[in-house]
Structure formats: C-alpha cells, structure tokens
Amino acid sequence: MYRSMFPRDIFAEFDRLQRDLQQALDTNPSIRGAGYGAFPALNIGGTPQSVELYAFAPGLDPNSIDVHLDRGVLTISGERAAELPKEDEKTSVHINERFAGRFRRVVSLPDDDINPSGVSATYRDGVLHVSVKRRQAPQPRRIAIQ
C-alpha cells in the first residue's frame with residue numbers, strides 16, 4: 001500500500017501558506033478589511049441606512065479608545081496595558097499570548113456614500129460598535145401643482 005511522505009496534501013498546504021502571506025503583506029485598508037490577525041479583530045457590514053463596524057477589544061478602558069472619521073477613513077486607535085503578574089522568585093510567566101501595547105486599525109469607507117455627522121460609537125462587553133449613517137439618496141416625490 002502506498003503511503004504519502006506528507007501527512008496532508010502538500011499542494012493544499014502551499015495554497016494555505018500563499019493566502020496567509022498575502023493577507024499578512026496586504027497593507028491596503030479597505031472596507032473589505034486588512035490586517036488579518038491584527039488587534040482588534042473587525043467585523044464590517046452594512047445596511048441600506050448605515051455601515052456597521054464591530055471591533056472585538058476585550059479588557060480595554062473605553063476612555064483609552066479613539067475613533068476618528070476623516071474623508072472616508074475611519075481610524076480606531078488606543079492602548080491596552082499589560083496585565084502580567086510581577087515576576088519574583090515565586091512567580092514566572094511561561095506564555096503570554098494576550099496583546100498589550102498601542103494599536104491602530106484603519107478602514108476606508110465609501111466617502112460619497114457616508115454621512116460624517118451621523119457617526120455613533122458604543123463599547124459594551126469588550127465590543128466596540130461604530131455605526132456610520134449613509135447619506136439619504138434622493139427619493140422620487142410627487143410635486144403638488146398650486
């Protein structure tokens with residue numbers, strides 16, 4: 001019976017590696033997202049009335065988060081303090097996978113479609129929700145003749 005030298009399909013592994021490298025090296029901010037694996041993780045979607053952004057950032061003080069919208073570019077920045085126990089002869093840290101430090105995420109929104117004065121942001125249970133209202137499209141209307 002023939003057995004492969006590799007435990008998985010080698011071509012599938014090359015494909016996965018290529019996708020991971022493209023995502024890691026893609027620095028073009030867009031509404032589709034960039035920065036795979038960056039902090040905070042983002043979900044971006046929309047409704048006919050607004051663009052909705054959810055940033056998953058647990059453990060942050062809401063006062064340490066800055067949200068700016070300028071010419072269709074939404075920027076979320078801030079800082080998360082490191083919360084490690086102080087090392088002494090009785091305590092040592094073996095693994096620290098939690099992100100700590102300054103962060104910044106930038107997303108380009110469709111400038112002609114959004115209303116810069118219609119932005120709201122809330123932070124609850126570790127999730128920052130930013131809602132950007134869309135501009136009202138001209139609606140057909142009946143004009144009364146006087």
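The values are calculated or read from the model by the stated rules, or taken from the named source; none is laboratory data. Worth saying up front: this structure is predicted, and the values here are computed from it rather than measured. Note: accessible area is taken over every heavy atom of the protein model, side chains too, but ligands, DNA and RNA are not part of it. Shrake-Rupley method; radii C 1.70, N 1.55, O 1.52, S 1.80 Å.
Observations
- With a 1.4 Å probe rolled over the protein heavy atoms of all chains, the accessible area of R19, R124, R134 falls in the order R124, R19, R134, largest first.
- Accessible area of region 96-146 divided out per residue, in Å², using a probe of 1.4 angstrom: 81 Å²
- For S117, the solvent-accessible surface computed with a 1.4 Å probe is close to 100 Å², ligands and nucleic acids excluded.
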